[in-house]
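Everything below concerns the one structure shown next.
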Amino acid sequence: MKLRWLLLACLALSTLAQAFDTYRVGSHLLSVGDSVSALIGTLGEPLYKEPVQSRFGGYIADRWQYRLDGKAVMFTIRAGRIDRIEEIRDEQ
């Protein structure tokens, strides 16, 4: 019985965060591999920037966060390009 509730909770939480290869903002489309200048040109400066570190504390990338349409959208920037796009929806 407990296993069933655990699986149900994991399924519910897995739908809150999703990763994408592209993200549409109005008529603009941002894709993994696009430059940072394309991202800034489309969305402006992020609300929050944080470094992404390896488990040994070495720098890997930057994570830029935006608030768009009631969602947190995070872009991982590596070597001046978008490496990953994640969307986290607010729980309602």
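Quick note: the coordinates plus some simple rules give every number you see, no bench work behind them. Keep in mind it's a predicted model, so treat the numbers as computed, not measured. Because the Cβ atoms are built from the backbone with ideal geometry, glycine has one as well, and the counts that use them run over all protein chains shown.
A few comments on the model shown:
- Selection from Ile40, Gly70, Gly26, by position along the positive dipole direction of segment 18-89 (Cβ): Gly70
- The chymotrypsin sites (Phe, Trp or Tyr not before Pro) of segment 43-85 that DSSP puts in a loop, and whose beta carbon has at most 11 other beta carbons within 10 Å, are Phe56.
- Here's how it looks for Val52: its modeled amide H is under 5 Å from those of Ile60, Ala61, Asp62, Arg63, which are all 5 or more places away or on a different chain.
- Dipole magnitude (debye, nearest 20) for segment 18-89, charges at Cβ of Lys, Arg, Asp, Glu: 140
- Asp34 long-range amide H proximity, modeled H, under 5 Å: Ile82
- Here is the P(r) of segment 18-89: all C-alpha pair distances, binned every 10 Å from 0, give 20, 57, 20, 3, 0 in whole percents.
- Of the GluC sites (Glu not before Pro) found in segment 35-92, those that fall in a DSSP loop while having at most 11 other beta-carbon atoms within 10 Å are Glu91.
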